[in-house]
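For reference, the structure is listed below as structure tokens.
The values are calculated or read from the model by the stated rules, or taken from the named source; none is laboratory data. Quantities reported herein were computed from a predicted structural model and do not represent experimental measurements. Glycine gets a Cβ as well: all are built from the backbone with ideal geometry, and neighbour counts include every protein chain shown. Keep in mind that these areas ignore ligands, DNA and RNA; they rest on the heavy atoms of the full protein, side chains included. Shrake-Rupley method; radii C 1.70, N 1.55, O 1.52, S 1.80 Å.
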Amino acid sequence: RRVHGEKFHRRQLKMSLYQRVSGKVVQNAAVGSEVRLVGRVRTFDPASGLAVIEACDHTLINIRRHESQHYQTSFVEIIGRLDASRCIEESAYVPFGEQFDLELYDQAMNLVEGPYR
């Protein structure tokens, strides 16, 4: 998969340490948390740079982009930092294509965030 964003290859190791989260975790995470969120692109406003991503648990999360272009695919992984308004400031994203099983991914996230943490 090709990763899009600010000189990702230089920050690849650091970004691999970002925590994968569901929408529920984003709602409760500390401001400044570095996160990775997988979901379906619902909307994007090029004028404001704001996107809305539906997470695997159906939570809608706001994303602040630094690019004015639409995402290349319907399913993406957002890599970024959580701000005080519960919005993720995107550093990079990974396109996941047009067919991705969010329900199955949600089941996996429930295991990771639950008893097998």
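Taking residues in segment 62-79 that are under 13 Å from ARG42 (Cβ atoms) and without any contact (Cβ under 8 Å) to a residue 40 or more places away in the chain, and partners anywhere that are part of a strand (DSSP E or B) and among the charged types (D, E, K, R), the pairs with Cβ atoms closer than 6 Å and at least 6 places apart or on different chains are ILE63/GLU90; SER74/ARG40; PHE75/ARG40.
Quick one: count up the residues across segment 23-45 that are open to solvent by 10 Å² or more (accessible area, probe 1.4 Å), in contact (Cβ under 8 Å) with a residue 24 or more places away in the chain and of a type in the set (Val, Ile, Thr).
Counting residues in segment 23-45 that are open to solvent by 10 Å² or more (accessible area, probe 1.4 Å), in contact (Cβ under 8 Å) with a residue 24 or more places away in the chain and of a type in the set (Val, Ile, Thr) gives 3.
Return the residue satisfying two criteria in turn: it lies in segment 46-56 and is open to solvent by 10 Å² or more (accessible area, probe 1.4 Å) and at pLDDT 95 or above, and of such residues it is nearest to VAL112 (Cα to Cα).
Residues of segment 46-56 that are open to solvent by 10 Å² or more (accessible area, probe 1.4 Å), as a first pass: 46-48, 50, 52, 54.
Right, trim to at pLDDT 95 or above and you get 50, 52, 54.
Working: LEU50: 29, VAL52: 24, GLU54: 19 Å.
So the residue we want is GLU54.
The set of residues in segment 81-90 being at negative phi and either in contact (Cβ under 8 Å) with a residue 40 or more places away in the chain or open to solvent by 30 Å² or more (accessible area, probe 1.4 Å) (or both) consists of ARG81, LEU82, ASP83, ALA84, SER85, ILE88, GLU89, GLU90. Is it the case that SER68 is surrounded by fewer than 19 Cβ atoms within 10 Å (Cβ to Cβ) and in contact with a strand residue (DSSP E or B) (Cβ under 8 Å, 6 or more places away or on another chain)? No.
Checked against (1) surrounded by 20 or more Cβ atoms within 10 Å (Cβ to Cβ); (2) part of a strand (DSSP E or B), MET109 passes all but condition (2).
If I filter segment 6-20 for residues that are open to solvent by 50 Å² or more (accessible area, probe 1.4 Å), modelled with pLDDT of 95 or more and not in a helix (DSSP H, G or I), do I get at least one hit? No; the residues of segment 6-20 include none that is open to solvent by 50 Å² or more (accessible area, probe 1.4 Å), modelled with pLDDT of 95 or more and not in a helix (DSSP H, G or I).
The test for being within 17 Å of VAL76 (Cβ to Cβ) and at pLDDT 90 or above holds for VAL35.
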